[in-house]
Amino acid sequence: MRHIIIVLSLAIIAFVITIIYSVLYHKKAKEALSTAILTDAKLGCPNAEQFRRTAQETLGNFSKRDFAIMVYDARRFKFLLDELGEEKLTEVLKFVAKVFGNFCTEGECYGYAGDGRFYLMSRFRSEKSLKDKIRLISSIINEFAILKSSNLTVKFDIGVYNTTDG
């Protein structure tokens, strides 16, 4: 009888451990899937869907006043790919993502949509401050060593939507 109680106790402990492991594994798998859905696999930064979600949440929590949503679309993206190759261009895009990430403060966000297109939601005090920020971001990007050594620059077509206008 004592042996049966010990065996049953061990079986119950093993069963509980299995359930705990299964719950933790599924939670990690769900988090990994969520991260994969909301992160650009190549650049390791937020993707367009993550940008959309964060921007929507931010605009719901903050006053829409003084926010701008910008689309940075790299001109001649195919040319840059041909000139730099996929590996170097990916490094350039990772740097661009890092620059956007460094410029984001509370309530601001960015995301990569693919093919050289980034989204950035930023606060601004005036049209001049927004233009200054755009110029500064572009100049920092073009100081990147890969671009300098290749004698190339990344020029962006930039569309700006002022959230108070809509």
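Residues are listed down the side, and each one gets a yes or a no for (1) part of a loop (DSSP other than H, G, I, E, B); (2) over 22 Å from Ile37 (Cα atoms):
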| site | (1), (2) |
| --- | --- |
| Phe118 | no, no |
| Lys128 | no, yes |
| Val154 | yes, yes |
| Ile158 | no, yes |
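Hey, among the residues in the range 113-128 that are on the phi < 0 side of the Ramachandran plot and modelled with pLDDT of 90 or more, which one's surrounded by the most Cβ atoms within 10 Å (Cβ to Cβ)?
Start the filter on the range 113-128 by keeping residues that are on the phi < 0 side of the Ramachandran plot, which leaves 113, 117-128.
Still in the running and modelled with pLDDT of 90 or more: 113, 117-122, 128.
Details: Ala113: 17, Arg117: 16, Phe118: 27, Tyr119: 24, Leu120: 24, Met121: 23, Ser122: 23, Lys128: 9.
Once the filter is applied, the top-ranked residue is Phe118.
Could you look through the range 102-112, keep only residues that are surrounded by 14 or more Cβ atoms within 10 Å (Cβ to Cβ) and not hydrophobic (A, V, I, L, M, F, W, C), and pick out the one that is farthest from Phe51 (Cα to Cα)?
At the first step, the residues of the range 102-112 found to be surrounded by 14 or more Cβ atoms within 10 Å (Cβ to Cβ) are 103-104, 107-112.
Now narrow it down to the ones that are not hydrophobic (A, V, I, L, M, F, W, C): 107-108, 110-112.
Values: Gly107: 12, Glu108: 10, Tyr110: 6, Gly111: 5, Tyr112: 8 Å.
Filtering the range 102-112 for residues that are surrounded by 14 or more Cβ atoms within 10 Å (Cβ to Cβ) and not hydrophobic (A, V, I, L, M, F, W, C), the one farthest from Phe51 (Cα to Cα) comes out as Gly107.
Which residue out of Leu81, Leu136 is loosely packed, with under 13 Cβ neighbours inside 10 Å, aliphatic (A, V, I, L, M) and at pLDDT 90 or above? Steps first, please.
Working: Leu81 fails: loosely packed, with under 13 Cβ neighbours inside 10 Å.
Only one candidate passes the filter, namely Leu136.
Considering only the range 55-76, state which residues are open to solvent by 40 Å² or more (accessible area, probe 1.4 Å) and part of a helix (DSSP H, G or I).
The answer is Gln56, Glu57, Gly60, Asn61.
Could you please find all residues in the range 139-165 being among the β-branched types (Val, Ile, Thr), open to solvent by 40 Å² or more (accessible area, probe 1.4 Å) and over 21 Å from Cys45 (Cα atoms)? Before you say what the answer is, go through the steps one by one.
Let us first name the residues in the range 139-165 that are among the β-branched types (Val, Ile, Thr), namely 140-141, 146, 153-154, 158, 160, 163-164.
Right, trim to open to solvent by 40 Å² or more (accessible area, probe 1.4 Å) and you get 140, 153, 158, 160, 164.
Once the filter is applied, which keeps residues that are among the β-branched types (Val, Ile, Thr), open to solvent by 40 Å² or more (accessible area, probe 1.4 Å) and over 21 Å from Cys45 (Cα atoms), the range 139-165 yields Thr153, Val160, Thr164.
Could you tell me whether any residue of the range 21-33 is open to solvent by less than 60 Å² (accessible area, probe 1.4 Å), at pLDDT below 95, farther than 25 Å from Ile140 by Cβ and more than 22 Å from the chain's Cα centre (by Cα)?
Looking through the range 21-33, at least one residue is open to solvent by less than 60 Å² (accessible area, probe 1.4 Å), at pLDDT below 95, farther than 25 Å from Ile140 by Cβ and more than 22 Å from the chain's Cα centre (by Cα).
Yes or no, residue by residue, for (1) in a helix (DSSP H, G or I); (2) farther than 18 Å from Asp66 by Cβ; (3) touching a strand residue (DSSP E or B) at 6+ places or on another chain (Cβ under 9 Å); (4) in contact (Cβ under 8 Å) with a residue 12 or more places away in the chain:
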position: Leu80; (1), (2), (3), (4): yes, yes, yes, yes
position: Leu84; (1), (2), (3), (4): yes, yes, no, yes
position: Glu87; (1), (2), (3), (4): yes, yes, no, no
position: Ala97; (1), (2), (3), (4): yes, yes, yes, yes
position: Phe100; (1), (2), (3), (4): yes, yes, yes, yes
position: Arg125; (1), (2), (3), (4): no, no, no, yes
position: Arg135; (1), (2), (3), (4): yes, yes, no, no
position: Leu147; (1), (2), (3), (4): yes, yes, no, yes
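The values are calculated or read from the model by the stated rules, or taken from the named source; none is laboratory data. Remember, it's a predicted structure, so these values are computed and weren't measured experimentally. Neighbour counts run over all protein chains shown; Cβ positions are idealised from the backbone, glycine included. Keep in mind that these areas ignore ligands, DNA and RNA; they rest on the heavy atoms of the full protein, side chains included. Shrake-Rupley method; radii C 1.70, N 1.55, O 1.52, S 1.80 Å.
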